[in-house]
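Quick notes on the structure that follows.
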Amino acid sequence: MLRHSPASPLLSLPGAVAAEAPDEGVAAHYGDLFREQRALADGSGFVDLSHRGVVTVTGAERLSWLHLLLTQHVSDLPPGQATEALILSAHGHIEHALYLVDDGETTWLHTEPGNQEALIAYLESMKFFYRVEVADRTAEIAVVHVPAGSIAEAPKGAAVRETPHGRDFFLPRAELESFAADHGPAIGILALEALRVEAHRPRLGLETDHRTIPHELGWIGTAVHLQKGCYRGQETVARVHNLGKPPRRLVFLHLDGSEVHLPPHGAPVRLASEGEEGRQLGFVTTSARHHELGPIALALIKRNVPVDAELMAGGTAAAQEVVVEP
């Protein structure tokens, strides 16, 4: 059973509505989803991500050791440079997605809610004679996200991951409420998810299933470095990249705005011409209501589906945009 973080104290803020799986423990929104999205897009406010798992790796050999395990090139990772990486199965299927930064003494990373224990178990099993220490810091450290363009300053001593989409601060859980008071407005996870879908960025457990490989989601390049080897699953990565095509591809969907309900995660994707009794070509991974684009979604579909085909997501008409080339 996954062990989730304690509920955030920011759920007591005015208007807070608790999020559902997989984001239990933080707010879905604080009363006005579209206002929160616009604020985030404009570079103001922050998102409480204190439900995410936080893991640290210390020791003189931490980066050279992680380099052997991850899909990303991290042996020479400069202090303060953010990156992301995957851990694959022996067959190249995605098992973990990590968002990390090194501060010169410690590698900080966050991962999907409740997944830190399985991640730590794997890392511990691979320590061998390396001088590294792995620690679960979830109970004491919380992640908050401030958007690109924010002038918010990182709390003193906090590790910072800075990316084109914004910055992640690793701060003591005890400082969450004071951070919120100084850096509001608080913005719910649904606003961040809508902008993630708009940006075509995959998320473990939503865009992935037990057989997903990185090529299907566009994670080659951002989370997978093709000029390194010697990690579990590397043979599959190289073979598909050099000799073939992935069996599925991620697509972005513009959904029919007249429908009241969004298609849920796992809703079947079919050709519109075949209707709701047609063969299933894939499934919806994440759907969202966007403040400008209206209802949108990501979906994982068979690679050979024509790029101009009109689709149905659940019972909702959907026009596709290519994310991963067929």
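Overview of values
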{"read-out": "Residue in the stretch 256-288 that is farthest from residue 206 (Cα to Cα), counting only those that are touching a Gly at 6+ places or on another chain (Cβ under 8 Å) and among the hydrophobic types (A, V, I, L, M, F, W, C)", "value": "271"}
{"read-out": "Residue count for the stretch 211-240, restricted to those that are in contact with a helix residue (DSSP H, G or I) (Cβ under 8 Å, 6 or more places away or on another chain), assigned to a helix (DSSP H, G or I) and crowded, with 19+ Cβ neighbours inside 10 Å", "value": "3"}
{"read-out": "So residue 264, is it touching a strand residue (DSSP E or B) at 6+ places or on another chain (Cβ under 8 Å), surrounded by fewer than 18 Cβ atoms within 10 Å (Cβ to Cβ), closer than 30 Å to residue 188 by Cβ and free of Cβ contacts under 8 Å to residues at least 60 places away in the same chain", "value": "yes"}
{"read-out": "Residue ID - most open to solvent (accessible area, probe 1.4 Å), chosen from residues in the stretch 241-256 that are of a type in the set (D, E, K, R) and in a strand (DSSP E or B)", "value": "248"}
{"read-out": "Qualifying residue in the stretch 112-131 (condition: modelled with pLDDT of 95 or more, at positive phi and open to solvent by 10 Å² or more (accessible area, probe 1.4 Å))", "value": "no"}
{"read-out": "All positions within the stretch 118-146 that are in a strand (DSSP E or B), out of contact with any Pro (no Cβ under 8 Å at 6 or more places or on another chain) and closer than 27 Å to residue 192 by Cβ", "value": "135, 136, 143, 144, 145, 146"}
{"read-out": "Odd one out for residue 160 among (1) open to solvent by less than 20 Å² (accessible area, probe 1.4 Å); (2) farther than 25 Å from residue 290 by Cα; (3) not hydroxyl-bearing (Ser, Thr, Tyr)", "value": "(1)"}
{"read-out": "Which numbered condition residue 279 fails, given (1) out of contact with any strand residue (DSSP E or B) (no Cβ under 8 Å at 6 or more places or on another chain); (2) free of Cβ contacts under 8 Å to residues at least 12 places away in the same chain; (3) open to solvent by 50 Å² or more (accessible area, probe 1.4 Å)", "value": "(1)"}
{"read-out": "Subset of the stretch 88-110 (residues that are under 24 Å from residue 76 (Cβ atoms) and in contact (Cβ under 8 Å) with a residue 60 or more places away in the chain)", "value": "88, 96, 97, 99, 100, 101, 108, 110"}
{"read-out": "Filter result (among the basic types (Lys, Arg), free of Cβ contacts under 8 Å to residues at least 24 places away in the same chain and within 16 Å of residue 83 (Cβ to Cβ)) within the stretch 139-172", "value": "167"}
{"read-out": "Of all residues making up the stretch 65-84, the number that are among the hydrophobic types (A, V, I, L, M, F, W, C) and touching a helix residue (DSSP H, G or I) at 6+ places or on another chain (Cβ under 8 Å)", "value": "3"}
{"read-out": "Which listed residue, of 190, 271, is among the hydrophobic types (A, V, I, L, M, F, W, C), at pLDDT 95 or above and open to solvent by 60 Å² or more (accessible area, probe 1.4 Å)", "value": "190"}
{"read-out": "Residue within the stretch 310-326 that is outside any loop (DSSP other than H, G, I, E, B), in contact with a Phe, Trp or Tyr (Cβ under 8 Å, 6 or more places away or on another chain), under 19 Å from residue 203 (Cβ atoms) and without any contact (Cβ under 8 Å) to a residue 60 or more places away in the chain present", "value": "no"}
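The values are calculated or read from the model by the stated rules, or taken from the named source; none is laboratory data. Since the model is a prediction, treat every value here as computed from it, not as a measurement. Backbone-built Cβ (ideal geometry, glycine too); neighbour counts: all protein chains shown. Note: accessible area is taken over every heavy atom of the protein model, side chains too, but ligands, DNA and RNA are not part of it. Shrake-Rupley method; radii C 1.70, N 1.55, O 1.52, S 1.80 Å.
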